1. Of Lys96/Lys118; Lys109/Lys150; Lys73/Lys96, which pairs sit farther than 20 Å apart, going by alpha carbon to alpha carbon?
2. I'm a student and want to see the number: the projected area of the Cα convex hull of the range 235-282, averaged over all directions, in nm².
3. Across every pair of different alpha-carbon atoms, what Kirkwood hydrodynamic radius in Å does the range 181-297 reach?
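We did not get these values from a lab; they are worked out from the coordinates using the rules stated. These numbers were taken from a predicted model, which means no experiment stands behind them.
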Amino acid sequence: MQLLILGTLALFFGVTVAVPAQEKRVHHKPDLSDHVHDDAHGYHYDHEAFLGKEEAKTFDQLSPEESKERLGKIVDRIDTDKDGFISHAELHHWIKHRQSRYIEENVDKHWKEYDQNKDGKIGWIEYKNTTYGYYMDAEFDDVDDKASYKAMLTRDERRFKSADRDGDGVATREEFTAFLHPEEFDHMRDIVIQETIEDIDKNGDGKIDLREYIGDMFTPGNGENEPDWVTTEKKHFSEFRDMNKDGFLDASEVSHWILPGEVDHADNEAQHLIHETDKDNDGRLSISEIMDKMDFIKVSTITDFGTLTEDHDEL
């Protein structure tokens, strides 16, 4: 019910790695990928940052020959000055373009679903009836966890009202985008922080202690040893997250944790990709340097799902 926020070089492709829950709580305007950025474990992060999450899924279905052809088309689009090379600026612009496309496409998808009367706006009543209508008639009596559904309705209404800046109960496209992707709007920061605290704060004291912080990302099974990354996160909590050293994360500290807006992750990713791919160290990528990285693709993985032959307008 809750509508939450929510490839790089097809040349980079590796094994899937488990993502700690806390990684998904940090909003990078928006996330370049749902995967951990760790080249030692694979190149999923780079793959999705370059292509975009949805296009990465499509790319993974292509044969090596089709991948090479599709990649050539992408490279041609990135090379806006048509000099035969991809500069850092061009790569940075492309990655940011893929980020914005993801948000636009996500809003388009939900807009069609919720604008029931096709008036170009989405009212709270429209959204509520479409999302909760079946259950509202019976006061959620037909669902097992009645309290959770009522809490989600309350939370959605609070978020909708924050996004509805003129308070008329009707969301324009920009306001609905703020509702779906609050991490993208400064006036929605408090909602993102509040929802994060509510999710993790199990004892209801309005703060996050170490047990709650770790519990949000890891619950050990019977006899299961604590992974190394949990030990690292405990250290991060005490040394970096808990800035005033009182043993808790308050709203301000949660804000610094999940909304690191000063970091340009698209720029960092562009630098990383050039560093990994630029064989002659001239600070730019040639088509041959890019195609050489096709060796990193696990052919058996990308052909498991069959072949996709239809080209997209985007490419």
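1. Lys96/Lys118; Lys109/Lys150
2. 4.8 nm²
3. Computed over Cα pairs of the range 181-297, the Kirkwood hydrodynamic radius comes out at 17.5 Å.
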